[in-house]
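A.B. asks: Starting off with a structure, shown below.
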Amino acid sequence: MKLTIKILLIPWLSIGAATLYGETLTVSLLDLRSESGLYDAVVEIIPIRQMTPEVMPIEVSVDQVDKEFISDVTVVPVGSRINFPNSDEILHHVYSFSQTKSFDIPLYGAGDNLDHFETFDRPGVVVIGCNIHDWMLAYIYVAESALVSKSDELGKARLENLEPGHYQLKIWHARMGDDPPLIKEVDVAAGLDTNLTIALDLAPERRIRRAPSSTSGRYR
Amino acid sequence: MLTKTRHIYKTGETVRRTGSKPASRLCQTLLLSLFSIPLSAWCNEFMELSVASGYEQNLPRGYLDKDVQSSEFVQTSVSAGKFFQPRVNTSVVLSAGGSHHLYFNQHGFDYSSLSLGVAIQHKLGMGAYTPRINLSLSAAREDSRGAQRDRDLYGIDLTLSRRLSAGLNFSVGLSSATSRGLDEPAVDFDALPYRQGVTRPTDPMDYRNNSLFAGVDYTLNSGWQLSAGYRYQDGYVVSSAVPPVVDLFIYTEAVALDPAYDHQRLMYLMESRADLWTTAISIPLSRDTAVDIGYNWQNFAVEYVGGYDNSQFLVTLVHQF
């Protein structure tokens, strides 16, 4: 993967008095291939010198609707629990081979396994799939910090209520493939809004095709 | 291995197999099967519609230039079925289908088909990239405009496939197809311009083809899929020709008046080894619909006679409900 990084650090003087832990970091991610904002990237910052906010595990659902996972990228803090409901009238079989979390929930139908939660107790990226429907693919980003956000359709990820200080910045996107997240360091100054613009040249996304063809099998 | 399913020589004997009543029963069974699919479980099932239009260069598999005839065609097919997953890595698909093939330049080759199939797939592990073995059995009845070309077609395929990456998938396999003619016509050999008293079997739709095949498909970032396949076929080809073609008559396994040409031609069953090549580009229009543009080329080698070929260009619209 060719990775080109251009970082523009633009500290702006905020108007008004800064409150305790009231700083904001906005990361704007640019996809060099499409020359537009990079959607669904994960931006996490980890305090280096200052106190680390307590990580509060959560419980969330990654649903399966019309033979797709909802959603493509789910971000949870480490220790969180996730269930995988099946909202289709067919069987699904969710699995992951990822080192971060390996699991397998065999063959279950609509309404089953609602109380079956998997615990994600190691930070990293977990790739999940369905053993029946090969094209079904989604990612779970397990954050080691509570300071994490996903970029919106404009490519902007916003982290608020930050303590001024020195942070490690991690950026991950599904198009990075097996490569590790991009890691940088960033300073969040007191009384300043910090804006970063990062341009990424990522390989195009490769997914197993879902559309039928005259040569493919009939059940999909 | 060449296998001829039947070798019955008849001279001037009229043997008619009753084909219409079993055909009706098969149709009824198929329709009942389709309509008995419970609507409440519709998502557990599939239905696929495809419409193809194209051009076939040598529709009658003509040996001599004068026998070669091309035609544009349209074919429509629908299939529906049910998917079962009895075990974690094993699935079973039951399907039924129907199709109609229309040849604009030679309506004698038009035919309709009803089919039933079962496919059992076993994955040798879990995930999208694990090898898988697929065994499929099929039975079809083809009803053409002339009874002599009506037949039952039975197929068995064993395929080993593996996806190497999100874009690249390949498969190899063995298959066997058995054709059983539903009508064995009477042929007055003495009326043919060959040596008096020389006869041949009169069941050209009875034969079996065995083949080895390999295929690969590659999906581009755009979602377009390129595919290529090769099949080596050891078996037979039915070739239609204007008599007299002495070479064909001498080496034919069976001969009959061809209903596709209002009995003005003969159809010969010839032992052949064939190379069948396919290429296609599949363009997704949505996640359930695609347009495929394909080119197929077939070369038949007939011992003592020579070789001849056929090519086909077609555009197919596939939609899955």
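A.B. asks: So what is the relative contact order of segment A:59-143, in percent, for Cα pairs below 8 Å that sit 6 or more residues apart?
C.D. replies: Computed over segment A:59-143, the figure is 34 percent.
A.B. asks: If I ignore ligands, DNA and RNA and count only protein heavy atoms, how much of A:Ser214 is accessible to a 1.4 Å probe, in Å² to the nearest 10?
C.D. replies: Accessible area of A:Ser214: about 60 Å².
A.B. asks: Which values of log₁₀ I(q)/I(0), to two decimal places, follow from the Debye formula for segment A:59-143 at q = 0.14, 0.24 Å⁻¹ with a uniform point scatterer at every Cα?
C.D. replies: So the normalised log intensities are -0.39, -1.21.
A.B. asks: Starting from segment A:101-190, pick out the GluC sites (Glu not before Pro) whose DSSP state is loop and whose Cβ has at most 12 other Cβ atoms within 10 Å.
C.D. replies: Numbers: sites: A:Glu118, A:Glu144, A:Glu153, A:Glu160, A:Glu185; in loops: A:Glu144, A:Glu153.
Passing sites in segment A:101-190 are A:Glu153.
A.B. asks: Separate question: Am I reading the B/A interface right? What is its buried accessible area, both sides, 1.4 Å probe, to the nearest 100 Å²?
C.D. replies: 3000 Å²
A.B. asks: Over what distance in Å are the Cα centres of segment B:40-93 and segment B:118-145 separated?
C.D. replies: 14 Å
A.B. asks: Skip the ligands, DNA and RNA, and give the accessible area per residue of segment B:20-320 with a 1.4 Å probe, whole Å².
C.D. replies: Value for segment B:20-320: 45 Å² per residue.
A.B. asks: Take the cross-link list A:Lys150/B:Lys123; A:Lys156/A:Lys184; A:Lys101/B:Lys82 and give me the ones stretching past 27 Å between alpha-carbons.
C.D. replies: A:Lys150/B:Lys123; A:Lys101/B:Lys82
A.B. asks: I've got another one for you. Enter the accessible area of A:Ile58 (Å², nearest 10), with the probe set to 1.4 Å and all protein chains included.
C.D. replies: Counting only protein heavy atoms, the figure is 70 Å².
A.B. asks: Counting only C-alpha contacts under 8 Å and six or more residues apart, can you give the relative contact order of chain B as a whole percent?
C.D. replies: Reported as a whole number, the value is 17 percent.
A.B. asks: Give me the net charge for the shell around A:Glu185: Cβ to Cβ below 14 angstrom, other residues only, Lys and Arg +1, Asp and Glu -1. Before the final figure, lay out each step's value.
C.D. replies: Values: positive: A:Arg49, A:Lys170, A:Lys184; negative: A:Glu44, A:Asp187.
Summing Lys/Arg as +1 and Asp/Glu as -1 gives +1.
A.B. asks: Could you order A:His116, B:His101, A:His93 by accessible surface area, starting with the largest, using a probe radius of 1.4 Å?
C.D. replies: Values: A:His116 65, B:His101 25, A:His93 0 Å².
Largest accessible area first, the residues go A:His116, B:His101, A:His93.
A.B. asks: State the Kirkwood hydrodynamic radius of chain A in Å, one decimal place, computed from all pairs of distinct Cα atoms.
C.D. replies: One decimal place: 18.9 Å for the Kirkwood radius.
A.B. asks: Can you sort B:Arg200, A:Arg206, A:Arg122 by solvent-accessible area, 1.4 Å probe, largest first?
C.D. replies: My answer, sorted largest first, is A:Arg122, A:Arg206, B:Arg200.
A.B. asks: I've got another one for you. In whole Å, what three semi-axes, largest first, describe the equivalent ellipsoid of segment B:20-320 built from its Cα gyration tensor (square root of 5 times each eigenvalue)?
C.D. replies: Values for segment B:20-320, descending: 36, 22, 18 Å.
A.B. asks: OK, next. What residues in segment B:72-119 lose 20 Å² or more of accessible surface when the other protein chains are added to their chain alone (1.4 Å probe)?
C.D. replies: By number: B:Ser79, B:Phe83, B:Gln85, B:Val88.
A.B. asks: Could you work out how far helix B:20-35 tilts from the main Cα principal axis of chain B, as a 0 to 90 degree angle to the nearest 10?
C.D. replies: That works out to roughly 10 degrees.
A.B. asks: Still on this structure, please answer the following. Suppose a student asked you for the relative contact order of chain A, using Cα pairs under 8 Å spaced at least 6 residues apart; what percent would you report?
C.D. replies: Answer for chain A is 35 percent.
A.B. asks: If you average over every viewing direction, what projected area does the convex hull of the Cα atoms of segment B:72-149 give, in nm²?
C.D. replies: For segment B:72-149, the mean projected area of the Cα convex hull comes to 6.7 nm².
A.B. asks: So which GluC sites (Glu not before Pro) in segment B:209-311 are both in a DSSP loop and have at most 13 other Cβ atoms within 10 Å of their Cβ?
C.D. replies: B:Glu303
A.B. asks: Below 11 angstrom from the Cβ of A:Pro57, what's the summed charge of the other residues (Lys, Arg +1; Asp, Glu -1)?
C.D. replies: Taking every Cβ under 11 Å from that of A:Pro57, the sum is -2.
A.B. asks: Can you give me the solvent accessible area of A:Glu68 with a 1.4 Å probe, rounded to the nearest 10 Å²?
C.D. replies: 40 Å²
A.B. asks: Further question: If the viscosity is 0.692 mPa s and the temperature 37 °C, what translational diffusion coefficient in µm²/s does Stokes-Einstein give for the protein assembly as shown when Rh comes from Kirkwood over Cα pairs? Show your work: numbers first, answer last.
C.D. replies: On the way: Rh = 27.5 Å.
This corresponds to a translational diffusion coefficient of 119 µm²/s.
A.B. asks: Among all the aspartates and glutamates, which ones have a C-alpha under 15 Å from A:Lys67's C-alpha, if same-chain residues fewer than 8 places away are not counted?
C.D. replies: Partners within reach: A:Asp88, A:Glu89, A:Asp134, B:Glu45, B:Asp288.
A.B. asks: How would A:Met136, A:Met56 rank on accessible area, largest to smallest, probe 1.4 Å?
C.D. replies: Putting A:Met136, A:Met56 in descending order of accessible area: A:Met56, A:Met136.
A.B. asks: Now for a different question. Carbon and sulfur: what percent of the protein assembly as shown's accessible surface (1.4 Å probe)?
C.D. replies: Numbers: 14470 of 25460 Å².
Carbon with sulfur: 57 percent of the solvent-accessible area.
A.B. asks: Please give the direction-averaged projected area of the C-alpha convex hull for segment B:198-311, in square nanometres with one decimal.
C.D. replies: Mean shadow area of the hull around the Cα atoms is 9.0 nm².
A.B. asks: At q = 0.13, 0.14, 0.15, 0.21 Å⁻¹, what is the log10 ratio I(q)/I(0) for segment A:110-220, with the Debye formula run over Cα points and no solvent?
C.D. replies: -0.73, -0.81, -0.89, -1.33
A.B. asks: Something else now. When the convex hull of the C-alpha atoms of segment B:264-314 is computed, what volume per residue in Å³ does it have? Display every interim value, and only then the final one.
C.D. replies: Values: hull volume 6.3 nm³, N = 51.
Taking only Cα atoms, segment B:264-314 has a hull volume of 123 Å³ per residue.
A.B. asks: Still on this structure, I have one more. Please give me, ordered by residue number, the trypsin sites (Lys or Arg not before Pro) of segment B:219-273 that lie in loop per DSSP and have at most 16 other Cβ atoms within 10 Å.
C.D. replies: Passing sites in segment B:219-273 do not exist.
A.B. asks: Now, a different point. So with the 1.4 Å probe, I'd like the accessible area per residue for chain A, rounded to whole Å².
C.D. replies: With all protein chains present, chain A gives 47 Å² per residue.
The values are calculated or read from the model by the stated rules, or taken from the named source; none is laboratory data. This one's a predicted model, so the numbers in the text were calculated from it and none came from an experiment. Note that we place each Cβ from the backbone using ideal geometry, even for glycine, and neighbour counts take in every protein chain shown. Calculation scope for accessible area: heavy atoms of the full protein, side chains included, ligands and nucleic acids excluded. Shrake-Rupley method; radii C 1.70, N 1.55, O 1.52, S 1.80 Å.
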